[in-house]
Each structure stands twice: as structure tokens, then as C-alpha cells.
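Here's the structure we're looking at; comments come further down.
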Amino acid sequence: MLFSPHDLTLETGLDDELRSWFAFAQQKLDEIMLLKRAINEGSEPVAEAFALSRKAIESRRQSTRTNNPSVRARLSALDEVAFRRANPYGVRKAQQTAALRLPQLPTTTIGSFPQTSEIRTQRAAFNKGAITAAE
């Protein structure tokens, strides 16, 4: 849940079809409670909610947004060779290491690092043109 958006109901720009395919943090919690209810009370009290879920899954499966005939045609035209790698893992790993020169444990960050007041002051001065990048 840490990286899930908070609540799907806050997304006002989505159409109904697309909205039915998503579950944000609040909806995921609701789904957990629904599963708990199904376990404790049986399937009858949650039948309608489960039917809606099945309908959304089928909608996504059949939608032109997720099914492109030209992509399916290209995929069906591929032979077995297209699904095999040209080199074994060891060779690919060595080539990637040489080309990318990543550290042993590459990482990324999401969002911003905490900023001290001094950093904020310097950034503001830079944005105003009061100091240079080197400064």
C-alpha cells in the first residue's frame, strides 16, 4: 500500500470503464474486508461485489484499450527464434556491465530528498539567478 495512490474516488478524470479496472489503497482495503466477509459469512453476502469484479476483469480483457489486433497479428507471426536470446546470461551480463558501468547495487529514488533550510536558501538563490551552479 505504501506506493499505491490513496483513493480512486479522488480521480475525477477517469471514465467509468478505466476506473473499474483500478484499485487504489482505499479500494484495496475494501477488497480485503470483502474477502474477510466472504471467509466468515460465505459467498452469498459478497456475491454482488464479486460479480462486479468479474465484470471489470472481463471488460478489461475485451476492451480495445488492451487488445490491439495489429499487435496480436505481429505476435502470432513470430517464430520460436524470436523468443530465444542470442547470448546466454553470462555473456549478456558482461556486456551490460561494460556498457552501463553501474555500481554493484544500483538504486533509484522516488520523490525528493529532505532539504535543510540552507539547501532551500541556496536553491532559491540559484533559481533567482543570484548565484551560479558552480557556487
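We did not get these values from a lab; they are worked out from the coordinates using the rules stated. All values derive from a computational prediction rather than experimental measurement. Cβ: placed from backbone, ideal geometry, glycine included. Neighbour counts: every protein chain shown.
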At most 11 other Cβ atoms within 10 Å and a DSSP loop assignment: could you name the chymotrypsin sites (Phe, Trp or Tyr not before Pro) in region 1-67 that fit? Phe3
Taking Cα pairs under 8 Å and at least six residues apart, what relative contact order does region 1-64 come out at, in percent? 32 percent
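What number, rounded to the nearest 500 deg cm²/dmol, is the helix-based mean residue ellipticity at 222 nm of the chain, given -39500 (n - 2.57) per DSSP H run of at least four residues and division by all its residues?
For the chain, the value works out to -16000 deg cm²/dmol.
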dims of the chain, Cα set, principal axes, largest to smallest, nearest Å -> 68, 50, 32
The rounded separation in angstrom of the Cα centers of region 1-56 and region 95-135 is 39 Å
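Give me the percent relative contact order of the chain, please, defined on Cα pairs under 8 angstrom at least 6 residues apart.
On the way: 35 pairs, mean separation 18.2, N = 135.
After rounding, I find 13 percent.
Order by neighbour count: Ile110, Ile131, fewest other Cβ atoms within 10 Å first, most last.
Ile110, Ile131
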Within the set of other residues whose C-beta is less than 14 Å from the C-beta of Arg85, count the net charge using Lys and Arg as +1 and Asp and Glu as -1. +2
Put +1 on the Cβ of each Lys and Arg and -1 on the Cβ of each Asp and Glu in the chain; which of Thr132, Leu29, Gly42 then has its Cα farthest toward the positive end of the dipole? Thr132
Which distance in nm do the two modelled labels at Thr64 and Ala25 give, with both placed 7 Å along the Cα-to-Cβ direction? 3.7 nm
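If r is the Cβ-Cβ distance from Ala56 to Phe83 and R0 is 25 Å, what FRET efficiency results, to the nearest 0.05?
Computed FRET efficiency for Ala56 and Phe83: 0.20.
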